[in-house]
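Structure first, then comments.
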């Protein structure tokens, strides 16, 4: 019997780019709510974590903000700060 590890393949190129990955169906990331997005990003970058996307405001004018980092396998992780 093959294990998942034996049949695993490298991440497809389309999954490595944030813009194209987010346009592909299925689970492509998960989100973590943080209290201070700027502080969290600064701490992570100081530790060598790759910022995959710039920090952005949610376009509905709510004041919520988001960005993406990558884990050690290239999976996108969203960091989300609510304005409320």
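Residues of the stretch 72-84 that are surrounded by 11 or more Cβ atoms within 10 Å (Cβ to Cβ) and in contact with a strand residue (DSSP E or B) (Cβ under 8 Å, 6 or more places away or on another chain): 75, 76, 77, 78, 79, 80, 81, 82.
Scanning the stretch 49-70 for residues that are part of a loop (DSSP other than H, G, I, E, B) and surrounded by 12 or more Cβ atoms within 10 Å (Cβ to Cβ) returns 49, 50, 52, 53, 55, 58, 64.
Computed from the coordinates by the stated procedures, all read-outs in this text should not be read as laboratory data. Since the structure is predicted, the reported quantities are computational estimates derived from the model, not experimental observations. FYI the Cβ positions are ideal-geometry reconstructions off the backbone, even for glycines, and counts take in every protein chain you see.
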